[in-house]
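Asker: My structure is below; once you've seen it, I'll send some questions.
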Amino acid sequence: MNGDSTDGDHHVPRASTNSLRLRNIDAITAYEDQSHELEDSDLLDRATELRRVLFTYDDDLLQEATMRQRNGLSFHGVIYAHQLRTSIGQCIEDLALITALADEEDVVNHVIFLPL
């Protein structure tokens, strides 16, 4: 990713965003971007427009990304964690690792599942 940026949807706890920022990772929430009321497809379009990977716990957004992969529709990437199977701490560790090591081609049009 090397842009050190991630975009969180409205299902992501504030603690996750704050923890990423403490690690100097450029994170923005859907609320901060005023895109929190967008439908999943529009939210994914907005993250793509901003060239940000979207981090989510939302199963519906995961389905949208999967549909785009199947239909060859481009998006800037989705990182998905199941809310009950992945702790906030593990998500933060994995997101920090991804932002440090991944290049754009590693995330564009991909869905990355946490924990790694």
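The values are calculated or read from the model by the stated rules, or taken from the named source; none is laboratory data. A quick note: this is a predicted structure, and the numbers were derived from the prediction, not measured. Every residue, glycine among them, receives a Cβ derived from its backbone with ideal geometry; neighbour counts consider all protein chains shown.
Asker: Are there any pairs, at least 6 apart or on different chains, whose C-beta atoms fall under 6 Å, with the first in region 24-47 and of a type in the set (Gly, Ala, Ser) and the second surrounded by fewer than 16 Cβ atoms within 10 Å (Cβ to Cβ), and if so, which?
Answerer: Cβ pairs passing all conditions: ALA27/ARG21; ALA30/HIS10; ALA30/HIS36.
Asker: What is the residue count in region 9-27 for residues that are out of contact with any Lys or Arg (no Cβ under 7 Å at 6 or more places or on another chain), surrounded by 14 or more Cβ atoms within 10 Å (Cβ to Cβ) and at pLDDT below 90?
Answerer: 6
Asker: Still on this structure: Given the condition surrounded by fewer than 16 Cβ atoms within 10 Å (Cβ to Cβ) and of a type in the set (Val, Ile, Thr), answer yes or no: does some residue in region 32-50 qualify?
Answerer: No, the conditions are met nowhere in region 32-50.
Asker: Go through LEU84, LEU73 for me and flag whichever is out of contact with any His (no Cβ under 9 Å at 6 or more places or on another chain), at pLDDT below 95, not in a helix (DSSP H, G or I) and not small (Gly, Ala, Ser).
Answerer: LEU84
Asker: Hey, any hits in region 57-72 for a residue that's under 14 Å from the mean Cα position of the chain (by Cα), surrounded by 21 or more Cβ atoms within 10 Å (Cβ to Cβ) and over 19 Å from CYS91 (Cβ atoms)?
Answerer: Checked against the condition, which is being under 14 Å from the mean Cα position of the chain (by Cα), surrounded by 21 or more Cβ atoms within 10 Å (Cβ to Cβ) and over 19 Å from CYS91 (Cβ atoms), region 57-72 yields at least one hit.
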